[in-house]
Structures are given as C-alpha cells and as structure tokens.
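The values are calculated or read from the model by the stated rules, or taken from the named source; none is laboratory data. Note that this is a predicted model, so its numbers are computed, not measured. Every residue, glycine among them, receives a Cβ derived from its backbone with ideal geometry; neighbour counts consider all protein chains shown. Quick note on the areas: whole protein, heavy atoms, side chains included, nothing else; ligands and nucleic acids left out. Shrake-Rupley method; radii C 1.70, N 1.55, O 1.52, S 1.80 Å.
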Number of protein chains: 2
Amino acid sequence: MHDVIILGGGPAGVAAGIYAKRYNMNMVLITESIGGLINETHEIDNYPGFPMISGAELAMKFEEHLRKLEVPIEYSEVESVEKQGEKFIVKTANGKTFESISIIIALGSRKKRLGVEGEKKLKGRGVSYCATCDAAFFKDKVVGVVGGNDSAAEAAMLLSKHASKVYVIYRREKIRAKPSLTEQIYSNPKIEVIHNTNVARLIGESKLEKAVLNNGTELSLDGLFVEIGQEPSTQAVEKLGLELDPAGYIKTDERMRTNIEGAFAAGDIRTTPLRQVVTAAADGAIAATSAFIHVQVMKRKQQAKE
Amino acid sequence: MHDVIILGGGPAGVAAGIYAKRYNMNMVLITESIGGLINETHEIDNYPGFPMISGAELAMKFEEHLRKLEVPIEYSEVESVEKQGEKFIVKTANGKTFESISIIIALGSRKKRLGVEGEKKLKGRGVSYCATCDAAFFKDKVVGVVGGNDSAAEAAMLLSKHASKVYVIYRREKIRAKPSLTEQIYSNPKIEVIHNTNVARLIGESKLEKAVLNNGTELSLDGLFVEIGQEPSTQAVEKLGLELDPAGYIKTDERMRTNIEGAFAAGDIRTTPLRQVVTAAADGAIAATSAFIHVQVMKRKQQAKE
C-alpha cells in the first residue's frame, strides 16, 4: 500500500515525484517515459535557469533528478484507476496492480485525434501528431497537415524544409495563425492550402497511402500530421467520476484537490490559465504537498480507529 | 512609458521577466539583485532539472537567463509605487522614475523584524536575519537566536557548528520544531534554550553588545539571529490600496490579478498554498501572461479613442 501513486512523468509528475520523495512518502511514479510533451518540443527557452535547452535534454535532466533522489519509477502505461472505499487501485499496461491512499493525476494532454476511419490503424505508419519528432522522416515526400492554427502553421513550415510538397487541410476560409506565420504559409511555394475542407477517411495497408477529403477528393500522401488542438489524457481515470470542465480538463482548487478525496491533479490535464513546463512543475509540487497532508490525516484517522 | 514594470528579481520576477520578454513587451525589471531569497539558501534539491545546486549558483543561472534574453534590469531598490489614472509610477532608491501600463509585484517576503529598540541600527552589525549567510562570521563567538520553529532550530544547529555558545530565546515553553530537530536542540551542549522570554531591547554602538530580555536579564552577545517567521515585502506598494490577507500578503486570483486593475502579484508576496522556487517562477510566468493580455486590451482601447 503506497502513500501516493503519481500518474504521469511530464514536468508535473516529475515535480510531484521530487516533492513526494522529499516528504519521505512511500510512493511510485508510473509513466511510459520521463518528460511528457517536452520530448516533442525542439527547444525550450522559457524554463527559468536554462536559457536554451532542447526538450530531450531537459527531459534527461528531469530523469537524472528523479534518479538522484531515488524516486521509484514503473515504466508502463496507466491503464485504469479506480477507487474502492478509501483506496485507489491503479492497473498498468504491463499487468501490474498498485494500491495507494492518494493519487496525483499528471497524465497531461495529447494532440486531438481526427476521429476518422483508418486513423488508429495508421498512427505511427504515416499518421503523426508531432511534426517536431517526425518531420525529418519525410524528406522529399508528400505530406499533409490538418489544422490552421499556430501549431499547424509551424508544423507546415517545418515540414516544408524536408518534404517536397505540403498540403494544409483546413476547415475554415483562412489560416488563423499569427500574421507573420500566416503570411509565410501562403507565400511558401511548397505549401498548398486546401480551405473549407475536412479529412473524412484515411486509406492504407501497412502505411498511409491516401486521405479522402469530405469533398470526395483523394489525396495521395506519405505522411499526415494532425494539428487540430490538444485534449486532456483522462481516458485512464474516467471511472473516478472526476469533475471536468466543458473541454474535458479536470477541475481543481488552488491546492490541486479534485472533487474526489485523495485524488489530486497537476499540469496540463487540469483546468489552468497557462500550460507551460514551469507551471506544470509548480502544480506537481503543490499536489505532492496536498497529498502529503491528506495521507497524514488519513493515517491519523486509521490510528485513532485501532 | 513601459508596457510592464517588474518589481523584484527573485524566482517570480525572473520568470516574469523571461515571459514578458518572450511576449516582446517593452519592459524593465527593478531589483537590487537577482535571486531573492534563494541567495540565502545553502542548497536547493527540489527545483526540477537541478538535482542539487547552491542557492547562489541558481541565482547566477537565473541572471544568465535574463542576460541571454536581454531583459533590461535596473539594479536599485523599489522605493514607492503609485497609480495615477491608468498609469503606474515607480520610484527607485537611486532617484529614477519609471512609468507603465501594468506592474508585476514580485517583491517576495523577508524575515520578520523584532520591532525593538536598537534593531534597525544594529542590522548588519551583529543583528542578522540569515544564518545561512552569516553563521560562519561568528566562529568561537557567543550568539543568540530568537524563535522556536523549524527555521530557528535550523539556525541554532548551524550556528552551533561555528559559535562557542548559542542561546535560543523563545517566547513559548517548548521548542516547536519537528521532533528530530527539537531533540537535537535540547541535547546539544553548546545550545541553551531560554524559554518564555522575549527580547526587549538591543544595545551596542558600532556593533551589537547586549540583548536585554523582557525579564530584565542582560545577555552579552556578539550576534543575534532573528528567526520569528516571514512577512511580505509590501512596504513599497502600500499606497496602491491592494487587498491583503490577514497576514499582509497580497490577494490574487489564479491569473495573478490583484484588486487593482493592471497590478499583478507573483511569488512569496501573494497569498498562496506553497512558497517554493518553482511555484514562484510559475506565478511569474502567469503574471506576465496576464499583464500581456491587459496591455493589449489597454492599447486597443487607446487606439479606439484616437
């Protein structure tokens, strides 16, 4: 029986791990890898103390920090979380079960899925949600980008440096990125914007071959980058009955408490005014502090009963 | 006329500076030195990314970060801040005046003063508020510590490594530090605890000579360390009419907005559930974002008028 289980290894989970360990809590941090979304970030220049660092390098620094403090890490995916009485039960994709008095949900957010036929099957086989990670694999290839905001425009600009042709497929009449970026998109000879259009279906066997648009056009593509926004990664904690905002993010108070006693949320997965490395890390520190206080109260209650 | 003036150069001010600069705001950061309270911290092991770093070293990393981004810094003390109409007017100890559309108050907190005769005059002449900074100057000397919580006990333990004798002067019946630390205090042969007693007056010409206690005792001391808690450094912003909590900290919402339009607060100076380097830095990032939004709105209003 752990005092706390930390779900997620991005900046929020890392900071929660550091603080929980410093509070001497019996704990485990469950994550597939350390760093979360920063692994998808090329360079970071706004995390105080590191004037300029690659996302991958900062993730390594975070991992080193956890190792030095001997934070126990279970490298797996969180599959499901339930609450039975006052106990949390966490199951992982590698078939293990963990129990705890409290949990810190720091599972972050991920790129929104298109939700069309073929998408799931072709993920990682031409369909990507991270241009920073995968753009270089498409040298001299034909790729598409779905979306029209800043991140879609940035993905298109990056892809245009590698690919021979970049289609930007956008449901609106005009790209809505910041002005300088929008201008670059429309003036780049490699980029062609297809307006007022959605992707209806993806076709391919072992890898992506075509995108079928909602106007019936079939577009031959080697790669498709989906950049239509973020969504919280709340799938694994669905059964807890957490209170969410209309966009699906977990509501907390300033102490990171959710509506479920003993369950705290930190970082991108919660309703918050700003989603940055430093704000996620601060959330994690606060969540660990709140979990520590909660666990002490629960243990005193238990002792009083005995 | 600046878009934003950042008051303070601790972790909150530093992060606000980084973010304001990345938002391309016309700005100045006013502080006596970079780092704030971390300069008084021996070692920091809970700022994610730096497994173990001295406070002074982290302060240097912060300063380097500001330099790389070319954040303009005015090295002086903030003397007063007023709001005239929609404009903030900031005066500094070196006689300069700055004006802005918004301010970020990140002046932090400082050790509480005793408020007794002689204290002001003897500050830096035997009277200290930072054992970490000054303990080593009292080798084989007789020193006092006022207070009985964790920080007072830690100061006494540290001082006992240098001084020949350490008096702990505490107003209550028993030291209230964490159990292990309390035990160390009472079992250390160099430390003598004087209970149920306050300091009434400090005597000394060029340097501290004696502390007069409220029971009339005169204690000959070379140094006196005041460890009776923290208080927000709100002196310079007193005239703004900011809403404060009962302990004097500035109230904000989660976007760091105060009750005064255009004035934001970040870090230790505001009411917050946790006062740490990473939480202060996150506050600064959020405050800069809110100031950026505010300045854009104000500029659009101004343009509409013209």
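Got a number for residues in the range B:232-244 being crowded, with 24+ Cβ neighbours inside 10 Å and either over 27 Å from B:Thr41 (Cα atoms) or within 13 Å of chain A (Cβ to nearest Cβ) (or both)?
Residues flagged as crowded, with 24+ Cβ neighbours inside 10 Å and either over 27 Å from B:Thr41 (Cα atoms) or within 13 Å of chain A (Cβ to nearest Cβ) (or both) within the range B:232-244 amount to 0.
Going through the range B:209-231 one residue at a time, which ones are open to solvent by 50 Å² or more (accessible area, probe 1.4 Å) and assigned to a strand (DSSP E or B)?
Residues satisfying the conditions are B:Glu209, B:Lys210, B:Glu218, B:Ser220, B:Gln230.
Any idea how many residues of the range A:245-260 are surrounded by fewer than 17 Cβ atoms within 10 Å (Cβ to Cβ) and either within 17 Å of A:Gly108 (Cβ to Cβ) or touching a Lys or Arg at 6+ places or on another chain (Cβ under 9 Å) (or both)?
5
So how many residues does the range A:103-123 have that are within 17 Å of the chain's Cα centre (by Cα) and buried (at least 17 other Cβ atoms within 10 Å of the Cβ)?
9
Take the residues in the range B:261-294 that are farther than 22 Å from B:Tyr23 by Cβ and in a loop (DSSP other than H, G, I, E, B); name whichever of them is most open to solvent (accessible area, probe 1.4 Å).
If we take residues in the range B:261-294 being farther than 22 Å from B:Tyr23 by Cβ and in a loop (DSSP other than H, G, I, E, B), then B:Arg275 is most open to solvent (accessible area, probe 1.4 Å).
Among the residues of the range A:193-208, how many are surrounded by 13 or more Cβ atoms within 10 Å (Cβ to Cβ) and among the charged types (D, E, K, R)?
1
If a residue must be open to solvent by less than 40 Å² (accessible area, probe 1.4 Å) and either away from every other protein chain (no Cβ under 12 Å) or farther than 30 Å from A:Glu154 by Cβ (or both), how many such residues does the range A:17-35 contain?
Total satisfying the criteria: 10.
Here is a list: B:Ile185, B:Ile194. Which entry is more than 13 Å from every other protein chain (Cβ to nearest Cβ) and in contact with a helix residue (DSSP H, G or I) (Cβ under 7 Å, 6 or more places away or on another chain)?
Values: B:Ile194 fails: in contact with a helix residue (DSSP H, G or I) (Cβ under 7 Å, 6 or more places away or on another chain).
Answer to the selection: B:Ile185.
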